[in-house]
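Input: a single structure, listed below in structure tokens.
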Amino acid sequence: QPLARLCSPQLAGASPVNCRNARESSTQFQYLVVEKKGAKQNVGVIQLNRPKALNALCNGLMNEMNQALDSFEKDPHVGAIIITGSEKAFAAGADIKEMQNSTFQECYGGNFLAHWNRVSLVRKPVIAAVNGYALGGGCELAMMCDIIYAGEKAQFGQPEILLGTIPGAGGTQRLTRAVGKSLAMEMVLTGDRISAQEAKEAGLVSKIYPVEKLLEEAIRCGEKIAGNSKLVTAMAKEAVNAAFEMTLTEGNKMEKRLFHATFATDDQKEGMAAFVEKRKAKFTDH
Amino acid sequence: TVRERVLQQSGGETQNASPVQQVGRALKSCQPEAEMKCGATQGTGAKLRTRHCPGRRPLQPPIPCSAAHCCNNVPVSLPLAGTQFQYLVVEKKGAKQNVGVIQLNRPKALNALCNGLMNEMNQALDSFEKDPHVGAIIITGSEKAFAAGADIKEMQNSTFQECYGGNFLAHWNRVSLVRKPVIAAVNGYALGGGCELAMMCDIIYAGEKAQFGQPEILLGTIPGAGGTQRLTRAVGKSLAMEMVLTGDRISAQEAKEAGLVSKIYPVEKLLEEAIRCGEKIAGNSKLVTAMAKEAVNAAFEMTLTEGNKMEKRLFHATFATDDQKEGMAAFVEKRKAKFTDH
């Protein structure tokens, strides 16, 4: 990928101005391939691209990930975002060489991994399309997304304990909430992996597809989502996420306030009128 | 009594069943799609009675008619409130008549939840709460639909000001405040408000063709009666996000695998199985049952440590009850317990 290397900020100087002539944003990134997909080009796709490292997450990759996410957040055409890897690996972990010699003081003082949760702050829906290995930080990255679609050969795991550490990007929290205590404890304390089928049965992933069909099915889901009101979709996502942040009573109150607020939108009026008039709704994201 | 004669006669299927016999049959089966299609959501009681029983005097006083209970040879003093409701059929079932059954009855609207229906639901629940004989409550719909949503025409033109100021949907959560156990017996569609109604119940039994969904996003709104909160807690983030953001439905089987429903039954067996579960529950101490339900619900309201403390306090409190003394004595003495709900 010579063009990608030339255009990476590290090699081309402070600004990627040399890359303006290059094709699309796929050449601005060293560790990612970033494109828009779908008939209406309304699904942003971020593909991890560090094949030699099985997409291990390094600081550079996560910085680029955040840039790509910022870009899709701002893009008024994009209604849903997909994060995916290769057929062999979604992301097989974090870059161990990068962190092995850090001291506690450096970690705490430098707020190590602080910016790795950007995915969980995105307001648009994010679908993780996981083929192959999603281990450690890779599993945590998938779990930060809203929806996980898995390929038939996907494997999920939190093997940090085998390296003398623990998950540090939400693995112990999101995995437990998704699959329950027994399986989460087993995975976190043994480092053992689960298959796509086990992940679906346990509630971690909602769909399984053949390896070669996974990304297109994820894009189809993204298109379905992007066809609704982006404004109201953000409210729906906020409400679902509130389920993890407050009691049921408080969550119901918050949902109710957001629900009432939808009645101030044009899209609610249009959506319900279209339903009553038995026609297709034309949302304006307003 | 007339009613007893009617019910006796309604046992056999006869071509020449008199209106009285038809009513008796309908009373026994109490299906909203019974032959007596009286268009309950539209007409007044008097008009309907004339249609069914031409030439006969209407009952006094006129009562809004639901389902088939409008024919005037049947005494007004039915033991069950079937004739008091426009949108529901409400009865007590079980060998000991200790299971209250509330059946949604708006067949033309696929049981879409309107304000009137929810008000009647709350009345029926209040009545069963007060009734010392009722130990469990079942909410069900028709074979085709549990409740296919909320009444969109009713709400489409509301403004934010009207919603917030009027606390729109505030009273729709009455089901979640009932202290007795509530079982949702879901056949067919449980969508939007219908799915939310089922999830407010304690237990969900599904018929094999049941479908669950939260399609509000397709209408430009979001679930407003707990759908985003209860669905996520039941089926996990990925499936809840998928359902809420795409509007897609899941089958009964998927719902069971995901943890939303605990049993699946053939369509025609669903209600009887739900009643059987209700009878099992109603056979225990009603007092202690309410404490058990409160404890389980606390799991969604506080941390594990605080929830365990609360459970412990309730557990200790059971030792102040006669039913704990009776239940444990019966166990030790290897006999059946006789609970007194005290």
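Annotations
- Percent antiparallel among DSSP beta bridges (both partners in region A:131-258, rounded to 5): 35 percent
- For region B:215-342, averaging the sequence separation of C-alpha pairs within contact (under 8 Å, six or more residues apart) and dividing by the residue count gives a relative contact order of 16 percent.
- Placing +1 on the Cβ of every Lys and Arg and -1 on the Cβ of every Asp and Glu, with no other charges, gives chain A a dipole of roughly 680 debye about its Cα centre.
- Greater than 25 Å apart at Cα, pairs in B:Lys237/B:Lys263; A:Lys37/A:Lys256; A:Lys36/A:Lys278; A:Lys237/B:Lys209: A:Lys37/A:Lys256; A:Lys36/A:Lys278; A:Lys237/B:Lys209
- Sparse packing (at most 15 other Cβ atoms within 10 Å of the Cβ) combined with a DSSP loop state is found for the following chymotrypsin sites (Phe, Trp or Tyr not before Pro) in region A:88-139: A:Phe112.
- Selection among B:Ile183, B:Tyr265, B:Gly220 by position relative to the dipole of region B:180-286 gives B:Ile183 as farthest towards the positive end (Cβ unit charges, Cα centre).
- A/B buried area, accessible surface, summed, 1.4 Å probe, Å²: 4200 Å²
- Rounded to 5, the percent of DSSP beta bridges in region A:27-186 classed as antiparallel: 25 percent
- Alpha carbon centroid spacing (whole Å) that separates region A:100-169 from region B:282-340: 42 Å
- List A:Thr172, B:Thr289, ordered by accessible area with a 1.4 Å probe, largest first: A:Thr172, B:Thr289
- Other protein chain Cβ atoms within 10 Å, averaged over every residue that makes up A:252-258: 6
- Among the listed pairs A:Lys181/B:Lys286; B:Lys93/B:Lys144; B:Lys92/B:Lys293; A:Lys230/B:Lys108; B:Lys93/B:Lys153, those beyond 26 Å (Cα-Cα): A:Lys181/B:Lys286; A:Lys230/B:Lys108; B:Lys93/B:Lys153
- Once C-alpha pairs closer than 8 Å and six or more residues apart are averaged by separation and normalised to the residue number of region B:85-137, the relative contact order reads 42 percent.
- With contacts taken as Cα pairs under 8 Å and at least 6 residues apart, chain A reaches a relative contact order of 14 percent.
- Considering only chain A, percent of DSSP beta bridges that pair antiparallel, nearest 5: 30 percent
- Modelled label reach - B:Arg179, point 7 Å along Cα→Cβ, region B:298-342 residues with backbone N closer than 18 Å: B:298, B:311, B:313-324, B:340-342
- Take A:Tyr149: with every protein chain present and a 1.4 Å probe, its accessible area is about 10 Å².
- Using a probe of 1.4 Å on the protein chains alone, the accessible area found for B:Met328 is around 100 Å².
- Straight-distance crosslink candidates among aspartates and glutamates, where the alpha carbon sits under 13 Å from A:Lys213 and sequence neighbours closer than 8 are dropped: A:Glu87, A:Glu152
- Counting, for every residue in A:220-229, the Cβ atoms of other protein chains within 10 Å of its Cβ and taking the mean gives 4.
- Inter-chain shielding of A:102-112 (mean C-beta neighbours from other protein chains, 10 Å cut-off): 0
The values are calculated or read from the model by the stated rules, or taken from the named source; none is laboratory data. Small disclaimer: the values here were computed from a predicted structure and weren't measured. In this analysis, Cβ positions are derived from the backbone assuming ideal geometry, glycine residues included, and neighbour counts consider all displayed protein chains. Side chains included, ligands, DNA and RNA excluded: accessible areas come from the protein's heavy atoms. Shrake-Rupley method; radii C 1.70, N 1.55, O 1.52, S 1.80 Å.
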